1. How many of the residues making up region B:282-306 are within 11 Å of chain A (Cβ to nearest Cβ) and in a helix (DSSP H, G or I)?
2. Only residues that are more than 18 Å from the chain's Cα centre (by Cα) and surrounded by 21 or more Cβ atoms within 10 Å (Cβ to Cβ): list them for region A:281-299, please.
3. Could you go through region A:312-327 and let me know if any residue there is open to solvent by 10 Å² or more (accessible area, probe 1.4 Å), more than 22 Å from the chain's Cα centre (by Cα) and not assigned by TED's automatic domain parsing to the domain that holds A:H223.
4. Being surrounded by fewer than 16 Cβ atoms within 10 Å (Cβ to Cβ) and under 30 Å from B:A174 (Cα atoms) is the filter here; which residues of region B:41-53 pass it?
5. Of the residues that sit in region A:170-202 and are assigned to a strand (DSSP E or B) and among the hydrophobic types (A, V, I, L, M, F, W, C), which one is farthest from A:Y315 (Cα to Cα)?
6. Scan (1) in the same structural domain as B:I194 (by TED's automatic domain parsing); (2) surrounded by 15 or more Cβ atoms within 10 Å (Cβ to Cβ); (3) at pLDDT 90 or above for the single condition B:F249 breaks and write down its number.
7. Can you name the condition, by its number, that B:I194 falls short on among (1) within 14 Å of chain A (Cβ to nearest Cβ); (2) within 18 Å of the chain's Cα centre (by Cα)?
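The values are calculated or read from the model by the stated rules, or taken from the named source; none is laboratory data. The structure presented is a predicted model; accordingly, all values stated were derived computationally and were not measured. We place every Cβ from the backbone using ideal geometry, glycine too, and count neighbours over all the protein chains shown. SASA here: full protein model, heavy atoms, side chains in, ligands and nucleic acids out. Shrake-Rupley method; radii C 1.70, N 1.55, O 1.52, S 1.80 Å.
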2 protein chains.
Amino acid sequence: MHNIKTKQFTFAFPPNELILESGKKLGPITIAYETYGKLNKEKTNAILVTHALSGDAHASGSHEEDGIVGWWDKLIGPEKFIDTNKFFVICSNILGGCRGSTGPASINPNTKKEYATDFPIISIGDIVNVQKELVGHLNINKLLSVIGGSMGGMQVLQWMITYPEKIKSAIPIATTMKHTPQQIAFNEVGRQAIISDPNWKKGRYYGSKIPAKGLALARMIGHITYMSDDSMKIKFGRRFKLNKENYKFGAEFEVEEYLHYRGDSFVKRFDPNSYLYITKAMDYFNIVNGKRLGSIFKGLKAKVLVISFKSDWLYPSQQSQKIVKACKLAWVKTTYCNISSNYGHDAFLLEVKEEGQIIKHFLNSVLSKD
Amino acid sequence: MHNIKTKQFTFAFPPNELILESGKKLGPITIAYETYGKLNKEKTNAILVTHALSGDAHASGSHEEDGIVGWWDKLIGPEKFIDTNKFFVICSNILGGCRGSTGPASINPNTKKEYATDFPIISIGDIVNVQKELVGHLNINKLLSVIGGSMGGMQVLQWMITYPEKIKSAIPIATTMKHTPQQIAFNEVGRQAIISDPNWKKGRYYGSKIPAKGLALARMIGHITYMSDDSMKIKFGRRFKLNKENYKFGAEFEVEEYLHYRGDSFVKRFDPNSYLYITKAMDYFNIVNGKRLGSIFKGLKAKVLVISFKSDWLYPSQQSQKIVKACKLAWVKTTYCNISSNYGHDAFLLEVKEEGQIIKHFLNSVLSKD
């Protein structure tokens, strides 16, 4: 297998302003994105990959400058499961994010300062509307597929509803049509951790100390929900790091040290305000919203592959099965796979062998129907 | 049914100092306790009830002053499931606690100031050793039963191991022989929330502002783990409290408001340092510790009733089933009941009707074997 170096592009949203689902206007909007592979003449081989809460546009390959490898590099690349010798893959940082796209840390043209909490409420719908503009900008009329896990899966579901005629297939992975109170509760505790940090200062911390402890705490809570009890047992057991005698409420168990590490490293690359806005967009997301299950995806012609993981307790398989049911009731051609894995929710990033095989097979079947 | 007014007593631990499992000495020790019912002449009707992380000595009845009802009042009282017309019930606040017993907020006789983080590490073993002294002080040679859920259940298991000859029966509920990495991780995030609060000041906050936000966050995380996804759905659904337009990262969903409320109300009655010490004692607890399962309870003559709840994902039924297995392998007379409930871990406090019936029946069978 070859390795590919990647470059980020930016795309300025035209027209200058976007009308958000809330009715408010936002602009100008910049979206950072990467592409892998080549768009064919017929423009029929484009796949949009959508990222999860902490993801970014860098899905595959490694960056020229820092050598950082993309978050789904095991899946996407030349001769990989999503084969970039064959497909043209696009991944963009979401609206509201902090990795090149317009978000709360961007400069508000009206005040010449960072938006902070003046940034408007955004929804998964807004995020997808911007992606659709990017796809149009790349001269693609119809995507071969939209693929994403977790919050990326929510974006896939939104594409299926808002732009059914723009997609030939869709692969929502380890996701849900709406958050349960438990899922909202975990996000809310993370948000409260950030807001309770005195460095948060109602979001106006840019140029001074960021609410690093709050964000690290939010990430620690997140990580517990991303792993399964079993994967933690295998990874850490009850191993001690320090001697019990050194006990001063520091990390002693390896699991504690790991959570501290994940929390601290997240702080270096993520804006706490983005964490607030994005988790709120997830909590608001609700494509059921009182509708009959069979009416949600009515009229969708795209083929759908739904994937879930048995040990995922954050987005449990039943939520994916409900998506399958909604698709089937709407006569949508749907395949479902519940993959055995003990990685928990993280499985969509880690259990790539089986997941990749299934995606590869599905994409080929979509292609062959041309 | 009658209602009983209760009074707290204190008990000063003799001799003046206790040698802790860590080897350190602690003293003098005061233990707050309540009793319900009357000890019979033969002193054979005494039951020790052990409390969970946030519990205290006030298990039953209501206090003269404030009218606050005990945490297991539905279970314990005259003509109730644990009938105080028949049994003499004792409940004490644990060592390290903050509800009348010696803990980090108590005065260190050497410095005349609060112990804070100079308080020594305590273990479930230490907590139980002090309870055993209290039971001796009440002139009871053998308890009819020790009953407790969650961390209370850990104390029950410790009694079964350290003082097998002092108990006629034991009822560990919704508990475990050791914490998994996931259970440690949830506690650790709670501790980090407290420690990250600038008001914590390495534990020396007495007399000034307490780390209220940190403790509230810890409690919020705890509450998510105490409930089940289903019980949250029934209780809150996705109901909004405020209008979406008022959105300023405050509580909007009812589940958020509930968590805020539980967090804030906890702060009024609990010492953050106690939260640190007690959760550490839970994380250290490990009665397996490399032993063969069959050897853990070897020689125990007491009858054991193990109870778990099907929707409890914090202390899942499998952990209780492992206790049952360990008992059976050691030829201990053991009954097990896995109760259907959608309350999650909180079920041991809420699903009292079935739980109470089973406990009542078990206690009567222990009595009849006299």
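1. Here is the first cut: in region B:282-306, the residues within 11 Å of chain A (Cβ to nearest Cβ) are B:283-286, B:288-290.
Keeping just the survivors that are in a helix (DSSP H, G or I) gives B:283-284.
Residues in region B:282-306 being within 11 Å of chain A (Cβ to nearest Cβ) and in a helix (DSSP H, G or I): 2 in total.
2. A:I296, A:F297 - these are the residues of region A:281-299 that are more than 18 Å from the chain's Cα centre (by Cα) and surrounded by 21 or more Cβ atoms within 10 Å (Cβ to Cβ).
3. Scanning region A:312-327, I find at least one residue that is open to solvent by 10 Å² or more (accessible area, probe 1.4 Å), more than 22 Å from the chain's Cα centre (by Cα) and not assigned by TED's automatic domain parsing to the domain that holds A:H223, so the answer is yes.
4. Here is the first cut: in region B:41-53, the residues surrounded by fewer than 16 Cβ atoms within 10 Å (Cβ to Cβ) are B:41-43.
Within region B:41-53, B:K43 is the sole residue that qualifies.
5. Here is the first cut: in region A:170-202, the residues assigned to a strand (DSSP E or B) are A:170-173, A:178.
From what's left, among the hydrophobic types (A, V, I, L, M, F, W, C): A:170-171, A:173.
Details: A:A170: 18, A:I171: 15, A:I173: 10 Å.
Result: A:A170.
6. Here B:F249 meets the rest and fails (3).
7. All conditions pass for B:I194, except number (2).
Conditions tested, residue by residue: (1) out of contact with any Pro (no Cβ under 7 Å at 6 or more places or on another chain); (2) open to solvent by less than 20 Å² (accessible area, probe 1.4 Å).
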residue: B:A59; (1), (2): yes, yes
residue: B:I68; (1), (2): yes, no
residue: B:L75; (1), (2): yes, yes
residue: B:F81; (1), (2): yes, no
residue: B:C91; (1), (2): yes, yes
residue: B:L95; (1), (2): yes, yes
residue: B:G100; (1), (2): yes, no
residue: B:I107; (1), (2): yes, no
residue: B:A116; (1), (2): no, yes
